[in-house]
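Notes follow the structure.
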Amino acid sequence: MTPLELHRNRLARNMAPEAEVLLSLIAEYGPVTIMQVMDLAQQEQLASPATVHKYLKHVRDAELVIELNDEKDHRVKNLDVSKKGIRYLQSLV
């Protein structure tokens, strides 16, 4: 296992509860844009937009979500749960 893979696995194991909630929101509503994730987090009164952005970075760095280009607008990135993210969510149950 490479050092980068070890780092990503450590990130996934040490996931903050807020990051786990974001991952579950993406799994439930995905694929969604980053702005939609922010709106969903606001509705759940999870955290401020800056905090949500921070936890999204953690989830992305751990490769628990994947970015998909929007077919109509290539500037828009949609987030969806990766296979690794699905396994992580299943391990929480």
Pairing a residue in region 32-44 that is under 23 Å from Asp73 (Cβ atoms) with any residue that is in a strand (DSSP E or B) and of a type in the set (Asp, Glu), where Cβ atoms lie under 9 Å and the two sit 6 or more apart in sequence or on different chains, gives Val32/Asp80
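Can you name every residue in region 49-65 that is assigned to a helix (DSSP H, G or I) and among the aliphatic types (A, V, I, L, M)? Spell out how you get there, then give the answer.
Initial filter on region 49-65 (assigned to a helix (DSSP H, G or I)): 49-61.
Answer for region 49-65, where residues must be assigned to a helix (DSSP H, G or I) and among the aliphatic types (A, V, I, L, M): Ala50, Val52, Leu56, Val59.
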Of everything in region 53-77 that's among the hydrophobic types (A, V, I, L, M, F, W, C) and more than 10 Å from the chain's Cα centre (by Cα), which residue is modelled with the lowest pLDDT? Val76
Can you find, within region 61-90, the residue that is nearest to Leu25 (Cα to Cα) among those that are among the polar types (S, T, N, Q) and open to solvent by 80 Å² or more (accessible area, probe 1.4 Å)? Gln90
Residues being within 23 Å of Lys72 (Cβ to Cβ) and open to solvent by less than 70 Å² (accessible area, probe 1.4 Å): count how many of those fall in region 45-60. 1
Kindly indicate which of Leu25, Leu46, Leu68 is on the phi < 0 side of the Ramachandran plot, part of a loop (DSSP other than H, G, I, E, B) and touching an Asp or Glu at 6+ places or on another chain (Cβ under 9 Å). Leu46
Qualifying positions in region 71-93 - assigned to a helix (DSSP H, G or I) and not β-branched (Val, Ile, Thr): Lys83, Lys84, Gly85, Arg87, Tyr88, Leu89, Gln90, Ser91, Leu92
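The values are calculated or read from the model by the stated rules, or taken from the named source; none is laboratory data. Worth saying up front: this structure is predicted, and the values here are computed from it rather than measured. Positions of Cβ are generated from backbone atoms using ideal geometry, with glycine treated the same way; all protein chains shown enter the neighbour counts. Surface areas here come from the heavy atoms of the whole protein model, side chains and all, with no ligands, DNA or RNA. Shrake-Rupley method; radii C 1.70, N 1.55, O 1.52, S 1.80 Å.
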